[in-house]
Amino acid sequence: MTRCLGKKDPKHDYRTYRLAPVLEAALPTVPYARDWSASVPYQMWGNDRYGCCAFAAHAALVATWTKAAQGLVVLSTDQVLANYAAVTGFNPATGTNDGGTVLLDELNAWRRTGFQRPGQTLDYLTAFGSIQPSDEMSIKRGIAFLGGVLAGVQVPQGFLSLGLGETWDLDTLSGDALKPAGGHAIALVGYNLDGVFFNTWGTRTFMPWATFSAIADEAYGLLSRQNWLGVPGTAPTGEDFDALLAEVRAA
């Protein structure tokens, strides 16, 4: 099966809020494990044909959040490609301008102008902040408290030949298989002591923490009032969410 990449190099903006300190205050004790991805019907969302991985990750996060928090919302492939087009200039009719996405550009557009989703309303991201990919505890907090983390990775050549859903483990690769194939956006949707669960190419997949730390080059915690509030367990209540949002906006 064809699989496409499409994440451009990270764009660094000094104004991007650093989320780790406020997450630590909100969730000082990190749960042993948390997995929001069980039974979520992830799809390919066009990422077998186009470099729309950032917007497939958006669709995966919306499905994960709404499956846990309210009622499942699943974007269509046409909606995912339309969102990709709105941010990057991609042409869904011809497939031209398929140059991939800067994740920070996607996040700013998601927050400011919104993305297509089923129904009459657009999907707006309330706020976001960066997390160092090597900060395992903050990645866990972002997943446990906020329902998911958007991450960017540099995919080794060897992972492209794995079957969908097979574990991504750098220790299984050697030689040319370790050479980077390109950037890719993934939705981190669960974790345990050994590693992280993520959605890519329509399939829930797993990688050890050591692999994630080695290949990830950016990560963002996401605050979505529209999709994620009040899930029993570690998810924030409305009051918790407002306090966290106030911290982010005050920065």
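The values are calculated or read from the model by the stated rules, or taken from the named source; none is laboratory data. Model, not experiment: these values are computed from the prediction. As a convention, Cβ positions derive from the backbone with ideal geometry for all residues, glycine included, and neighbour counts pool all protein chains shown. Ligands, DNA and RNA are excluded from the accessible area calculation, which covers all protein heavy atoms including side chains. Shrake-Rupley method; radii C 1.70, N 1.55, O 1.52, S 1.80 Å.
The table below gives the values:
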quantity	calculated
Residue ID - modelled with the lowest pLDDT, chosen from residues in segment 1-42 that are open to solvent by less than 60 Å² (accessible area, probe 1.4 Å) and of a type in the set (Val, Ile, Thr)	Thr16
Evaluation of Gly100 against (1) surrounded by 21 or more Cβ atoms within 10 Å (Cβ to Cβ); (2) touching a Phe, Trp or Tyr at 6+ places or on another chain (Cβ under 8 Å) (one fails), failing number	(2)
Residue ranges of strands (runs of 3 or more DSSP E) in segment 142-251 with at least 2 members touching a residue at least 12 places away in the same chain (Cβ under 8 Å) and of a type in the set (S, T, N, Q)	195-200, 203-208
Residue within segment 192-208 that is touching a helix residue (DSSP H, G or I) at 6+ places or on another chain (Cβ under 6 Å) and open to solvent by 40 Å² or more (accessible area, probe 1.4 Å) present	no
Residues (of a type outside the set (Gly, Ala, Ser), assigned to a helix (DSSP H, G or I) and within 17 Å of the chain's Cα centre (by Cα)) located in segment 24-59	Cys53, Phe55, His58
Set Gly99, Gly89, Gly71, Gly114: member being modelled with pLDDT under 95 and out of contact with any His (no Cβ under 8 Å at 6 or more places or on another chain)	Gly71
Members of segment 106-133 that are part of a helix (DSSP H, G or I) and open to solvent by less than 60 Å² (accessible area, probe 1.4 Å)	Glu106, Leu107, Asn108, Ala109, Trp110
Test result for Ala82, touching a residue at least 24 places away in the same chain (Cβ under 8 Å), under 20 Å from Arg204 (Cα atoms), part of a helix (DSSP H, G or I) and small (Gly, Ala, Ser)	no
Segment 54-67 residues that are within 17 Å of Leu229 (Cα to Cα), paired with ones that are of a type in the set (Lys, Arg) (beta carbon under 7 Å, 6 or more apart)	Val62/Arg117
